[in-house]
1. Distance cut-off 27 Å, Cα to Cα: go down the list Lys8/Lys284; Lys8/Lys117; Lys8/Lys121; Lys38/Lys117; Lys140/Lys284 and report the pairs above it.
2. Spelling out what I want: for every residue of the range 180-196, take phi, set θ = phi - 60°, compute 6.51 cos²θ - 1.76 cosθ + 1.60 (Karplus), and round to whole Hz; glycine and proline get x.
3. Over the range 1-132, what is the relative contact order in percent, taking alpha-carbon pairs closer than 8 angstrom and at least six residues apart?
4. Starting at the first residue of the range 17-32, write each ³J(HN,Hα) from the Karplus equation 6.51 cos²θ - 1.76 cosθ + 1.60 with θ = phi - 60°, in whole Hz, x for Gly and Pro.
5. Take the range 151-289, compute every pairwise Cα distance, and split them into 10 Å bins from 0; I just need the percent in each bin.
6. Over what distance in Å are the Cα centres of the range 37-89 and the range 141-198 separated?
7. HN-Hα J couplings of the range 214-225 from phi, Karplus 6.51/-1.76/1.60, θ = phi - 60°, integer Hz, Gly and Pro as x?
8. At q = 0.23 Å⁻¹, what log₁₀ I(q)/I(0) does the range 28-75 have when each alpha carbon counts as one equal point scatterer in the Debye sum?
Amino acid sequence: MKKNDHVKGALCILCSALCFGCMSACVRLAGDLPTIEKAFFRNFVAALVAAFIVCWDRLPLRVDRENRLYVALRCVFGTCGLLFNFYAIDRLNLADANMLNKLSPFFAIIFSYFVLKERVKPIQAVAVMGAFCGALLIIKPGGSLQSFPALLGFFGGMGAGMAYTCVRKASMGGVAGPVIVLYFSVFSCLFTMPFSLMNFVVPTVRQIVMLLLCGAFSAGGQFAITAAYGFAPAKEISVFDYSQVIFSAIIGFFLFEQVPDVLSFLGYVLIISMGVMNFLYNKKQSENT
């Protein structure tokens, strides 16, 4: 793999993090609309953008037999991760919700062992366990009102980790990034549409604008992160994804006057420290090979 690919992957991750940070803010600014309705609008806009790019580049929609399972799993786990993440965003500090979602690289290490047959090194195992300890500081289990949405945020990170592992596998199999995004977005729309219609709430003009912006930022984030994991493995560039927590904390402070508590802040430090440790280890291993 070329070193230039790592640079491209890192830049794509940073771009994705900024887009998803802005998307989270738009989800919150959309107000008290049902979570699943927000998810539908988010995916509907993303599907339109993906369809335009696929048509513009004349990309084939056919997926080879050996890649179909991974594209399907990306759709299923990505949709579950999205719904859990949106639920957490509506009920937690933006930084808390996004930090739990940023557990996805650690789950990617676990799932890569099963899907990509990549061996988990001892230091990676330590990083995963340390990150999960950090997650406990954010979740604060004990029956509080915030424990349930925080727990769903944790599972959202798990779903995202599996989804991104499948993106990596499908990309390695030659499936174009926009095609993966299109299939995921269409699947998510079809899944959320019936539930959205059953409890549909007519949005205001302001809410419609927020939902459209949410979809636009989401599309940008999806394309950027799909491109990133196509350039380089998650274990080598995922550390840059933690910039989303910084973006979200800044946005949350200025727009919603949100300030993380001490335990959450310690959780951030622990999770990010584990991510940096894992990244530095992988970088050193790459340089020695």
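The values are calculated or read from the model by the stated rules, or taken from the named source; none is laboratory data. This one's a predicted model, so the numbers in the text were calculated from it and none came from an experiment. So basically every Cβ, Gly included, is an ideal-geometry build from the backbone, and we count neighbours across all protein chains shown. To get the accessible areas, we keep the full protein, side chains included, count just its heavy atoms, and leave off ligands, DNA and RNA. Shrake-Rupley method; radii C 1.70, N 1.55, O 1.52, S 1.80 Å.
1. On the way: Lys8/Lys284 19 Å; Lys8/Lys117 25 Å; Lys8/Lys121 25 Å; Lys38/Lys117 36 Å; Lys140/Lys284 35 Å.
Violating the 27 Å limit, Cα to Cα: Lys38/Lys117; Lys140/Lys284.
2. 4, 4, 4, 4, 4, 5, 5, 4, 5, 4, 5, 6, 7, 4, x, 5, 5
3. Working: 40 pairs, mean separation 33.7, N = 132.
Reported relative contact order: 26 percent.
4. Couplings: 4, 5, 4, 5, x, 5, 4, 4, 5, 5, 4, 5, 6, 6, x, 8 Hz.
5. Result, from short to long distances: 9, 29, 35, 22, 4, 1 percent.
6. The distance from the Cα centre of the range 37-89 to that of the range 141-198 comes to 9 Å.
7. Per residue, the Karplus-derived 3J(HN,Hα) values read 4, x, 5, 5, 5, 4, x, x, 5, 5, 5, 6 Hz.
8. For the range 28-75, the Cα-only Debye profile gives -0.93.
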